[in-house]
Amino acid sequence: MKKFIKAIFAGILASVCLFAFTACGPKCKIGVQQGTTGELYVNGNADMMLPGFENIECKAFNNGGLAVQAMLNGQIDYVIIDNEPAKQLVAQNSEIKMIDIALTTEQYAYGVDKTQTTLLQQVNNAIAALKAPILGGPSLLDAIMAKYDNLQYDEDGNVIGGDELIAGVESAQKDTSNPNGQLVVATNAAFAPFEYKKGNKFAGIDMEVAQFIATFLGLELVIEDMDFDAVVTSVGKNGVDIAMAGLSVTETRKQSVNFSDVYFEGAYQVLIVKKDNTEFDNCTTKAQIEDILKNK
Amino acid sequence: MKEVNKETVISIKGLTKNFGEKEVLKGIDLDIFNGDKIAIIGPSGCGKSTFLRCINCMEDATSGAIWFDGENLADMKVDINVHRQKIGMVFQQFNLFNNLNVLDNITLAPVIVAKNKRKKIQRQNLKIWFKNLFSKQKTAYLELGDDIKIIKEKAELKAIELLKQIQLEEYAKAYPSTLSGGQKQRIAIVRALAMDPKVILFDEPTSALDPEMVGEVLELMKRLANDGMTMVIVTHEMGFAREVANRVIFIDGGKIVEENAPSEFFTNPQNERLKDFLSKVL
Amino acid sequence: MKAWNVFYKQFITYNGYKTVLNGLLTTVEIAVLGLIIGILIGTIIAVVKVMPKYKILPKILEKVCDVYVAFFRGTPMVVQLLIGYFVLMPALNIMLDGVYVAIIIFGLNSGAYVSEIMRSGIQSVDAGQLEAGRAVGLSFWTAMLKIVIPQSIKNILPTLGNEFIVLIKETSIVSFIAVTDVTKAFRAIGDANYEYIIPYLTLALVYLVIVLLITFLIRLMERRLKRSERSK
């Protein structure tokens, strides 16, 4: 019995020592909001091609406010968070500032059949044309996006109004005997404003871009609506040429499709530091910030 | 009577005990001499058990003095634990330590006491060592005594010796729950003996026993009495009291009502209440 | 099937299992060290409560213990964690990692519960045992340690095991103070692909396995303790 108790005590002591030792190192700690891209950015996420930081411990808080509180308490060093909430946090708290350089962005691109390299080139050309400013003003893509600014949604994200002026895009019958005359697009038409159904027609930014590309290439446009899960995997099968479904670029998807150039960038992650912190004052690019973080 | 030569072991003066408002003991004076076998009898609830428990401060006296070894045990400043080592106690419910086997039951207290003594000497030696560092006059270290291992071995040898005397040595490794009441009580007595007490207090040692086991316990107690052990026994066994005790005390209403030699006590009671009591129990 | 593939990829290919293992370690660490602190504190409180109270010091100690127990039993663990991490640590200017805060808070919290378990365990031991110990000249503490507490363990152990199970499960809230335990680890796997079904089911399974394992160990220990009661 005595030996047993002694062994337990020795074990406890050893584990406490080990524990204290391993956790003792002055590791840089970054606070993030739980479940956001920021968390993936710090921890690393192969799927999203984020390498992560080996030297940094990620501290995931329930909300950004708590992370900022912890930083002000000195329990963590920095906070990485989406740009929109970051703005609000900075507006509400005079002790912090935001380094307004995008660390990660959500990038939307189209997934092209891997066997059709020409098509990829053509799609990229079309995207370049769409993104080109017209007479120094907004581009065609900007104009398309602007059309959807006034959409009204219900709680589930379904469009309930604001698109009365939008005509929508019609899909032709799929003709398997004429694969080269048609551009077959796979989408999941339930992701307004990028794609949604409007009566029998399709509407949304991606759909209008699809129409543009089909016209650009002189092809007939066929839109196949399917589950989002099936969109990427369907490409290259049954004549499907391209996936256009508000797809963000990920490593997993890259194995199934060739991604086009990015046509849209969503929310991005920024660094929040204490007001008196000057470490990042001279940074102008993401690489410079990451250099400093990596050498922490 | 050779009382002049007798040495006082415990001297109790004006002992009172209250439980809240209730006055249980109302001033008891008693001298216990070396070799005395005192039987305490009385109706239930008269305070005889409380009196016994006050002697070794299992219950703290409300007032009065209990002189033992030149110190007043009723004084809160006295280290009662040291004195209890020399005042054995045997309980009605045996109270063997259920988590220890028979041998450990007997050796636990002697070993701990010896160990503590050793530790105390070690502490004193440390002090001496420290003093020696700063003074030219070196003080000699105190004798440490036996090694802990040897302390243990000696205690065990003694325990087995005692167990042999009651023919229970084969149960040395048994746990109390496997023993009969009579065996338990005999071991409890041996446990008290292992401390070499000056006096043993028996709190109704046979009351919780099955009738056929009373004999073996009384037998052991008789043997102790013959060996000259000082004993204070609260009991209902009138026959035993008459045979073994040299003094019998009757307590009623928290006071010693009558004290006498057993022959006188049982055949010629003076007090009315004692008469009444004896007529009921005899 | 697809959900399974996504989970498999995140768990194996993208090293999700490492996070999970680390999280598991953290969970067990918090629960075990928390319970140990809890047992120490609980024992002390329990003994203070059963101590004879002639003098003034034990009376004061008992009052202190009462307040302590009332606080930790009267407030949710999450609140205690948040206060510990976001209020107390900065106020005391100690910058402990969340894990330590969690261990301390879990220890203090379980101390309050364990004290009750211990107290009833100690009181279930026949008063005569302590009395007999005192009668042979052992001090109150020695008699407690050598005689009463070993006997009370038999009564305490099963309940203590339950307390450990409660602790293991309660640790799932430590992500409130940014500690990555096993729950957080599985949640992160879900977050990576917004595919939560399999991670959460697996998580439930992990907890279940741990709890069943502990239950088994407690049974084993109980049986051993019972045996030691009988003759060898």
Original post:
PRE reach from B:Glu23 (point 7 Å along Cα→Cβ): which of region B:211-255 fall under 13 Å by backbone N?
Top reply: B:253-255
Subject >> Ordering of C:143-150, A:31-38, A:136-143 by packing [mean C-beta count within 10 Å, highest first] >> reply: A:31-38, C:143-150, A:136-143
Original post:
If you place +1 on the Cβ of every Lys and Arg and -1 on the Cβ of every Asp and Glu, how big does the dipole about the Cα centre of chain A come out, in debye to the nearest 20?
Top reply: 1560 debye
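Tell me whether region B:114-161 comes out rounded, prolate or oblate; compute the Cα gyration tensor, take square roots of the eigenvalues as a ≥ b ≥ c, and use a/c under 1.5 as the rounded threshold.
Prolate is the answer for region B:114-161, as a/c is 1.5 or above and a/b outweighs b/c.
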**OP:** Compute, for A:Tyr148, the solvent-accessible surface of its heavy atoms (probe 1.4 Å) with the complete set of protein chains present, and express it in square angstrom to the nearest 10.
**Re:** 10 Å²
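On a full-extension model of 0.36 nm per residue, what is the gain between C:Asn5 and C:Lys55, subtracting their alpha-carbon distance, rounded to one decimal in nm?
Details: separation 50, 0.36 × 50 = 18.00 nm, distance 6.85 nm.
The span from C:Asn5 to C:Lys55 would gain 11.2 nm if fully extended.
Give, as a single signed number, the net charge of other residues whose beta carbon lies under 12 Å from the beta carbon of A:Cys283, with Lys and Arg counted +1 and Asp and Glu -1. It would help to have the intermediate numbers written out before the result.
Numbers: positive: A:Lys286; negative: A:Asp100, A:Glu279, A:Asp281, A:Glu290, A:Asp291.
Result for the local shell: -4.
With a cap of 14 neighbouring Cβ atoms within 10 Å, and only residues DSSP puts in a loop, list the GluC sites (Glu not before Pro) found in region A:52-158. Mind dumping the intermediate values first?
Working: sites: A:Glu54, A:Glu57, A:Glu95, A:Glu106, A:Glu155; in loops: A:Glu54, A:Glu95, A:Glu155.
Sites meeting the loop and neighbour criteria: A:Glu54, A:Glu95, A:Glu155.
Please say if region A:106-267 is rounded, prolate or oblate, where rounded means a/c under 1.5 for a ≥ b ≥ c the square roots of the C-alpha gyration tensor eigenvalues, and otherwise the choice is prolate for a/b larger than b/c and oblate otherwise? Intermediate results must be reported in sequence, preceding the final value.
Details: a/c = 1.37, a/b = 1.23, b/c = 1.11.
Since a/c stays below 1.5, the shape of region A:106-267 is classed as rounded.
From Cα pairs below 8 angstrom and at least 6 apart in sequence, can you work out the relative contact order of region C:2-230, rounded to a whole percent? Mind dumping the intermediate values first?
Values: 238 pairs, mean separation 72.6, N = 229.
Contact order relative to length: 32 percent.
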Subject >> Förster radius 22 Å - calculated FRET efficiency between B:Glu153 and B:Lys173 (Cβ-Cβ, nearest 0.05) >> reply: 0.85
Original post:
What percent of all Cα-Cα pairs in region B:1-158 falls in each 10 Å bin, counting up from 0?
Top reply: 9, 25, 28, 23, 12, 3, 0
**OP:** Run the quick spin-label model on A:Asp261 and A:Gln121: label points 7 Å from Cα toward the beta carbon, then report their separation in nm to one decimal.
**Re:** 1.5 nm
Subject >> Distance from region A:87-155 to region C:94-130 (C-alpha centre basis), Å >> reply: 57 Å
Original post:
Near B:Lys6, which aspartates and glutamates are there with a Cα under 17 Å away, not counting those fewer than 8 places off in the same chain?
Top reply: B:Asp31, B:Asp36, B:Asp69, B:Asp227
Subject >> Whole-angstrom Cα spans of chain C along principal axes, big to small >> reply: 72, 52, 23
Subject >> Number of partner chain Cβ atoms within 10 Å, mean per residue of A:102-114 >> reply: 0
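Per-residue Cβ counts within 10 Å, from other chains only, averaged over A:67-73: what number is that?
Working: counts 1, 0, 4, 7, 0, 1, 8.
Shielding by partners across A:67-73 averages 3.
Which three semi-axes in whole Å describe the equivalent ellipsoid of chain A, each the square root of 5 times a Cα gyration tensor eigenvalue, listed largest first?
Working: eigenvalues 429, 117, 67 Å².
Semi-axes (√(5λ), whole Å): 46, 24, 18.
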**OP:** Return the whole-Å distance between the Cα centroid of region B:226-282 and the Cα centroid of region C:184-225.
**Re:** 70 Å
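In whole angstrom, how long is each semi-axis of the equivalent ellipsoid of chain B, when you take the square root of 5 times every eigenvalue of its Cα gyration tensor and sort them from largest down? Intermediate values should be presented prior to the final figure.
Values: eigenvalues 272, 127, 53 Å².
So the three semi-axes of chain B are 37, 25, 16 Å.
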Original post:
By the gyration tensor of its Cα atoms, with a ≥ b ≥ c the square roots of the eigenvalues, what is the shape of region B:125-282: rounded for a/c under 1.5, prolate for a/b over b/c, or oblate?
Top reply: oblate
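Restricting attention to region A:198-248, which trypsin sites (Lys or Arg not before Pro) occupy a DSSP loop and are surrounded by at most 10 other Cβ atoms within 10 Å? Intermediate values should be presented prior to the final figure.
Working: sites: A:Lys198, A:Lys201, A:Lys237; in loops: A:Lys237.
Those that pass, being in a loop and sparsely packed, are A:Lys237.
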**OP:** Using Cα centres only, tell me the gap between region C:6-54 and region A:218-296 in whole Å.
**Re:** 39 Å
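Chains C and A: buried accessible surface, both sides, probe 1.4 Å, rounded to 100 Å²?
Working: alone 13640 and 16130 Å², together 27270 Å².
That pair of chains buries around 2500 Å² in total.
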**OP:** Among the aspartates and glutamates, select those whose C-alpha is under 12 Å from the C-alpha of A:Lys274, and discard any that sit fewer than 8 residues away in the same chain.
**Re:** A:Asp77, A:Glu95
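With Cβ to Cβ distances under 11 Å as the rule, what net charge do the other residues near A:Lys27 carry (K, R +1; D, E -1)? Mind dumping the intermediate values first?
Values: positive: A:Lys29, A:Lys59, A:Lys296; negative: A:Glu54, A:Glu57, A:Asp77, C:Asp97.
Net charge around A:Lys27: -1.
Tell me the mean residue ellipticity at 222 nm calculated for chain B from its helices only (DSSP H runs of n ≥ 4, each -39500 (n - 2.57), averaged over every residue, nearest 500).
Working: 9 runs with 116 residues, N = 282.
Value at 222 nm, helices only, nearest 500: -13000 deg cm²/dmol.
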Subject >> In region B:139-204, the GluC sites (Glu not before Pro) that fall in loop regions by DSSP, at most 14 other Cβ within 10 Å >> reply: B:Glu143
Subject >> Those aspartates and glutamates that a straight Cα-Cα span of less than 17 Å connects to C:Lys184, excepting residues fewer than 8 apart in one chain >> reply: A:Glu39, A:Glu57, C:Glu29, C:Asp97, C:Glu170, C:Glu195
Subject >> Net dipole in debye of the protein assembly as shown [+1 Lys, Arg Cβ; -1 Asp, Glu Cβ; about Cα centre; nearest 20] >> reply: 4720 debye
Original post:
From the cross-link list A:Lys6/B:Lys198; B:Lys17/C:Lys53; B:Lys117/B:Lys158; B:Lys198/B:Lys255; C:Lys146/C:Lys226; B:Lys127/C:Lys63, which pairs have alpha carbons spaced over 27 Å apart?
Top reply: A:Lys6/B:Lys198; B:Lys127/C:Lys63
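Across the residues of C:189-201, average count of Cβ atoms on other protein chains within 10 Å?
Partner Cβ neighbours, averaged per residue: 2.
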**OP:** Rounded to whole Å and ordered largest first, report the semi-axes of the equivalent ellipsoid of the protein assembly as shown derived from its Cα gyration tensor (root of 5λ).
**Re:** 87, 27, 23
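Using a simple charge model, +1 on the beta-carbon of Lys and Arg, -1 on the beta-carbon of Asp and Glu, nothing else, what dipole does chain B show about its Cα centre, in debye to the nearest 20? Spell out each step's value before the answer.
Values: 40 positive and 38 negative charges, 307 e Å.
It comes to approximately 1480 debye.
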Original post:
If you add up the charges near A:Lys87, with Lys and Arg at +1 and Asp and Glu at -1, over every other residue whose beta carbon is less than 13 angstrom from its beta carbon, what do you get?
Top reply: -2
Original post:
Which listed residue (B:Pro197, A:Ser94, A:Asn150) has the Cα farthest towards the positive end of the charge dipole for the protein assembly as shown, taking +1 on Lys and Arg C-beta and -1 on Asp and Glu C-beta about the Cα centre?
Top reply: B:Pro197
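Taking the Cβ-Cβ separation of A:Glu290 and A:Glu84 as r and a Förster radius of 22 Å, what is the calculated FRET efficiency to the nearest 0.05? If you can, show how the numbers build up before the last one.
On the way: r = 22 Å, r/R0 = 0.99.
After rounding, the FRET efficiency stands at 0.50.
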**OP:** Considering the options C:Val47, C:Tyr68, C:Asn162, tell which one lies farthest towards the positive end of the dipole of the protein assembly as shown, charges being +1 on Lys and Arg and -1 on Asp and Glu at the Cβ, about the Cα centre.
**Re:** C:Val47
Original post:
Along the positive direction of the dipole of the protein assembly as shown (beta-carbon charges: Lys, Arg +1; Asp, Glu -1; about the Cα centre), which of A:Val232, C:Ala3, B:Asn101 reaches farthest?
Top reply: B:Asn101
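The values are calculated or read from the model by the stated rules, or taken from the named source; none is laboratory data. Being a predicted model, the structure only gives us computed values, none of them experimental. Reconstructed Cβ throughout: ideal geometry from the backbone, glycine too, with neighbour counts over all protein chains shown. Note: areas computed on protein heavy atoms with side chains; ligands, DNA, RNA excluded. Shrake-Rupley method; radii C 1.70, N 1.55, O 1.52, S 1.80 Å.
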